[in-house]
Every structure is written in C-alpha cells, then in structure tokens.
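Here is the structure we will look at, set down as structure tokens.
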Amino acid sequence: MAQVATLVLLVLLPMTGKAQRVLTLDSCRQLAITNNKQLGVARTQKEAASYNVMSARTKYLPHVDAMAGYELMSKEVSILNNSQKDALNHLGTNATSGLNPKATEIITGMVQDGTISPQMAQHLGQQMGALSSSLATMGDDLGSTIRKAFRTNTHNMFAGSVMLTQPLYMGGSIKAMNRIAELNSTLADNNYDMLQQNVLYEIDATYWLVVSLRQKQKLAESYLDLVTKLHDDVYKMIKEGVAVRADGLNVDVRVNEAEMAKMRVDDNLTLAKMLLCQLCGLPMNTEYTLYDEGRDLGTTTEPLPTSNAEEVDRPELRMLLTTVGITEQAQHIITATHFRPQVALTGGYLISNPNTFNGFERKFAGVWNVGVIVRMPLWDWHDGRYKLAASRAATTIAKLEHSDLVEKINLQVEQERFKVREAYRRLELSKKHVASAEENLRCASLGFREGVMNLSEVMAAQTAWESAHTQEIDAEIEVQLSLLGLRKALGLL
C-alpha cells in the first residue's frame, strides 16, 4: 500500500500547480533515487559492465579480420643482378663474337689445300658474315626477352587479405577473462547498492531533520504565544498596581528571547527544506509539506530489526568478496600467459598484385591458407612468477580487508542497537518530563493568578515547559534516526 500511495503522489505532483505538495518519506526516496547524479553514474557503470560481459564472451568465437594496402617502391625487386642482365642483353653478340675468325681460318685452309677456289672462298665468307650477323641479332633479341621475363615490376604493389582466427586452447585465460567481466558486473551492482543506501540514509536523515525543525517551529510559536500572554497579563497587573515595572522588563526580555528563538528555527527550517529539495532533485523554491509533520511520532514504536550481525549482507562486504574473486582470476590469466601453451586455428585468403603464382603477373590473384599457431612461453626472467606473487598478495590483502570490515560491522551493529534502546528510553523519560512540566506550568500559572506565586516562578515553569517539549521532539527524532542507523548497519535500507 505504501508503494501505491507513493506512486499516486508522484503522478499527482506535476498536476498540483501552485498547490503545496505533500511528500512522504517513500516519495522523497523515489525522487532522490531518480534524480541523484551519482546514482545515475552508477547505473551507467552497471550498463557498461554488462557490455563488458558480452564482449568477453565473444573471445570464445572465431574472429575475422580484413586488411588491404598499397605500397609505392622507389626500386623494384630484381631476381637478376646487373651483370646477368647485361649478358642477356648481348647474348647473341657474345655467342657469335668468335664465329667469324674461326670460319675465316677454315676457309683459308681449304683454299690453300686447293679444296675450293678463291672465288668460292670469298662467296662463303660473305655468306658466313651474313649468318653470323643474323644469329647475333636473334640471340640478342632472345636474351632481352629472357631478361624482361625475369622482371618483377614491383614499383606499385597492391595486397589484401581476409584472416580467420579461432582460439583452441588459451591456457584458461579466456575463461578467466569472462569470469572477471562477470565479477566486475557484480562489483558495479554492489557499488550501485552502496551508493543507493548512502543516498537513502542521507534523504531519510534530512527528512527527519525537516520534521524535527517543523515541530520545533510549532513549539516556538506556542512558546511565543505563551510568553506574549504572560507579557499582556503582567502589563495589566502593572496598570492595576499589583506588579512593578521590573516585572514588565523581565517579561519583555523573555518575549524577545522567544522571538529570536523562533527566528532561528524558521531560518534553520528554510535551509533544511532547501537541502531536502536539492537531494530530491526539486527546485529550491518548491513549497511542500511533509507527511510526518503533523503526526505524533511518539505514538508509533517501530520494532527493532531482528537480523543478527552474522547475517549482515552489506554491499561493502560483497564488493570485497568480489575483489577477492577478481584477484584470484587474475592469477589464472597470469598462469595462462606465462606458463601454459596457447593454440589457435587460422585460415584466410590472400590476394596481391603483382602476384607470384604465374611468374610476377601484373594482375590480382590469390590463395587460400589454413594453419595452426602454437605459442609456448620458454623464458621471461621470472616475470610471470613475480606477477603471480603480486596477485596472490592482492588476494591476501582483499581477504584481510574483508575480515576487518566484518569485525567493524559487527561492532557497528551492536552500537546502533544500543543507540536505539537508549533513544526509546530517552523518549519514555521525555514524555514523563513533559507531563511534569505541563502540570508544573498549570500550577504556576494558577498560583500567579491567585497571587501566591511570583513572576519568576511562572517564567521558570514556562522555560521548563519549552525545554521539556524540545527534549521530547529531539527524543522522537533520535528514535527515527537510530532506527535508520541500525537498518543501514544491517544493510536493510
């Protein structure tokens, strides 16, 4: 029912126009949770942590990468050296350079032997010269063709590839990374819960502060009316000659003190209401009334929370336990990186221009490839051992901090329980004190009117009455704040 009432209030708030709003404690809490900037940051952090969990899960799946590039080379790759290129350019000339002298020597010998006539020898020489020139030209052309065939033409190079990588065994590092991402998500959730509890504690404390000051404002008004009535009675008595001028001056001082006290309460109430507006995300000049301002808080006794200190489940404890888990998973990652092999399956398609699959052909051509990559750490100068030792130390620190926080929380819970019991006892005593002060004031006022008690006794009774009611208000608010502190210590906010 309380949640329904809060929802109805939140819906009706914008419709009230200039009418004064009535805010309950639950509605103030909802406004603070909705508008608090730090909680907004924590909610965004939770969202980011959930995305990191999803990102970590993708590490199990194959990843595909594409790459393309162009490169301009000032020199091209050469398979032949310069001397080999020169030899191929003059292949025919070099091959026929010794043919003419040898042919001339043979023909000359045949002429001397009388085998052929000089006229025929001259004709053969001409034929051999023509043949030699033709062979040299053909050889040079052939050598040039061969040299050009060996040219790579790699001044302009284009290349592209698509590569698929599938992890097969990473030493447990992927599993540890996923676990860390999940723990970081849990850490973000716990951080949000902790900030929300702090916001609720602050909003509750400010809410009861406003209630307290509003009741003190009413008390100050009542006290001012009381001393003002006494002031009027005294001055009537002075006119009738049954009181002296000094009595009037004493009453004047008391009226001035009451007015000053009321002014201080009014100022403090204004500042407290502005603080509550700021915490709720409302404009500072918002006019509102709190639901508990008109209630008698002393008539409601909230039962003590029954949770034991050993059953406390606070976000701070969960965050430290999560930190322990993160440091332990970090040890698994270090072990996988520095002490275990890593195996991955690869596959892809490579394309280039010029390509080397048909000489250095000047067009795009590609090839498929499949392989397995194995990485095994051999020696790192004990870097892995040092990191592992540091991570284990971090785990030990987190465990010690958790144990220390448990002890502090147990002590805090017992202290808050003691404060609650003390607050209830003070509230009970303050009620008795109020009853005595009211009876004392009634008797003093009656005695003053009957002339059997003097003015100072009446003013003392009024002061005691005002003090008793102030103590009652403080005791009522102290009960609410002590219960609030106990719920926060038990993690029940």
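The values are calculated or read from the model by the stated rules, or taken from the named source; none is laboratory data. Not measured: the values here are computed from a predicted model. Here the Cβ is made from the backbone with ideal geometry for all residues, glycine too, and neighbour counts use every protein chain on show. Just so you know, the surface numbers come from the protein's heavy atoms only, side chains and all, with ligands and any DNA or RNA stripped out. Shrake-Rupley method; radii C 1.70, N 1.55, O 1.52, S 1.80 Å.
Mind checking which residues of segment 411-460 are among the polar types (S, T, N, Q) and either over 57 Å from the mean Cα position of the chain (by Cα) or at pLDDT below 90 (or both)? Break it down stepwise before answering.
Step one: filter segment 411-460 for residues among the polar types (S, T, N, Q), giving 412, 415, 430, 436, 440, 445, 454, 456.
If the condition is that a residue be among the polar types (S, T, N, Q) and either over 57 Å from the mean Cα position of the chain (by Cα) or at pLDDT below 90 (or both), then SER436, ASN440, SER445, ASN454, SER456 are the ones that fit.
Yes/no per residue for (1) surrounded by 15 or more Cβ atoms within 10 Å (Cβ to Cβ); (2) over 21 Å from SER161 (Cα atoms):
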residue: LYS363; (1), (2): no, no
residue: TRP368; (1), (2): no, no
residue: VAL372; (1), (2): no, no
residue: PRO377; (1), (2): yes, yes
residue: ASP380; (1), (2): no, yes
residue: ASP383; (1), (2): no, yes
residue: SER403; (1), (2): no, yes
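Taking segment 217-238 as the search range and keeping residues that are of a type in the set (Val, Ile, Thr) and over 59 Å from the mean Cα position of the chain (by Cα), which one is nearest to GLU293 (Cα to Cα)? Don't jump to the end; show me each part of the working.
Of segment 217-238, the ones of a type in the set (Val, Ile, Thr) are 227-228, 234, 238.
From what's left, over 59 Å from the mean Cα position of the chain (by Cα): 228, 234, 238.
Working: THR228: 25, VAL234: 34, ILE238: 40 Å.
Ranking the qualifying residues of segment 217-238, first place goes to THR228.
Going through segment 385-401 one residue at a time, which ones are open to solvent by 70 Å² or more (accessible area, probe 1.4 Å) and in contact with a helix residue (DSSP H, G or I) (Cβ under 7 Å, 6 or more places away or on another chain)? Before you say what the answer is, go through the steps one by one.
Looking only at segment 385-401, we keep the residues that are open to solvent by 70 Å² or more (accessible area, probe 1.4 Å), and these are 385-387, 392, 396-397, 399-401.
Correct list: LYS387, ARG392, LYS399, GLU401.
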(message) I'm trying to understand the selection: among the residues of segment 70-105, which are touching a helix residue (DSSP H, G or I) at 6+ places or on another chain (Cβ under 9 Å), loosely packed, with under 14 Cβ neighbours inside 10 Å and at pLDDT below 75?
(response) SER97
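Of a type in the set (D, E, K, R), more than 26 Å from LEU25 (Cα to Cα) and modelled with pLDDT under 85, is that true of ARG318?
Working: of a type in the set (D, E, K, R): yes; more than 26 Å from LEU25 (Cα to Cα): yes; modelled with pLDDT under 85: no.
When the stated conditions are applied, ARG318 does not pass them.
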(request) Please work out which residue is surrounded by the most Cβ atoms within 10 Å (Cβ to Cβ), limiting yourself to segment 405-436 and to residues that are over 27 Å from SER467 (Cα atoms) and of a type in the set (Val, Ile, Thr). (result) VAL413
(request) Hey, can you tell me all the residues within segment 168-185 that are surrounded by fewer than 17 Cβ atoms within 10 Å (Cβ to Cβ) and either of a type in the set (A, V, I, L, M, F, W, C) or in a strand (DSSP E or B) (or both)? (result) LEU168, TYR169
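Residues of segment 345-384 being out of contact with any helix residue (DSSP H, G or I) (no Cβ under 8 Å at 6 or more places or on another chain), outside any loop (DSSP other than H, G, I, E, B) and closer than 17 Å to THR335 by Cα, which ones?
To start, the set of residues in segment 345-384 that are out of contact with any helix residue (DSSP H, G or I) (no Cβ under 8 Å at 6 or more places or on another chain) comprises 345-358, 360-376, 378-379, 381-382.
Narrowing the set further to residues that are outside any loop (DSSP other than H, G, I, E, B) leaves 345-353, 355, 361, 365-375.
The answer is VAL374, ARG375.
Can you find, within segment 137-167, the residue that is farthest from VAL64 (Cα to Cα) among those that are among the hydroxyl-bearing types (Ser, Thr, Tyr) and part of a strand (DSSP E or B)?
Initial filter on segment 137-167 (among the hydroxyl-bearing types (Ser, Thr, Tyr)): 137, 144-145, 152, 154, 161, 165.
With the extra rule that they be part of a strand (DSSP E or B), the set shrinks to 161, 165.
Numbers: SER161: 10, THR165: 7 Å.
If we take residues in segment 137-167 being among the hydroxyl-bearing types (Ser, Thr, Tyr) and part of a strand (DSSP E or B), then SER161 is farthest from VAL64 (Cα to Cα).
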(request) Please work out which one of (1) of a type outside the set (Lys, Arg); (2) touching a strand residue (DSSP E or B) at 6+ places or on another chain (Cβ under 6 Å); (3) farther than 30 Å from ASN156 by Cβ; (4) open to solvent by less than 20 Å² (accessible area, probe 1.4 Å) is the condition THR322 fails and give its number. (result) (2)
(request) Tally the residues that are in contact (Cβ under 8 Å) with a residue 12 or more places away in the chain and of a type in the set (Ser, Thr, Tyr), restricting the search to segment 26-48. (result) 2
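Is there a residue being assigned to a strand (DSSP E or B) and of a type in the set (S, T, N, Q) anywhere in segment 390-398? Walk me through how you get there before you give the answer.
Step one: list which residues in segment 390-398 are assigned to a strand (DSSP E or B), which gives none.
Within segment 390-398, not a single residue is assigned to a strand (DSSP E or B) and of a type in the set (S, T, N, Q).
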(message) For segment 437-468, give me the residue count where each residue is over 24 Å from TYR235 (Cα atoms) and open to solvent by less than 30 Å² (accessible area, probe 1.4 Å).
(response) 2
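Determine which member of the set GLY325, GLY298 is in a helix (DSSP H, G or I) and modelled with pLDDT under 90.
Working: GLY325 fails: modelled with pLDDT under 90.
The match here is GLY298.
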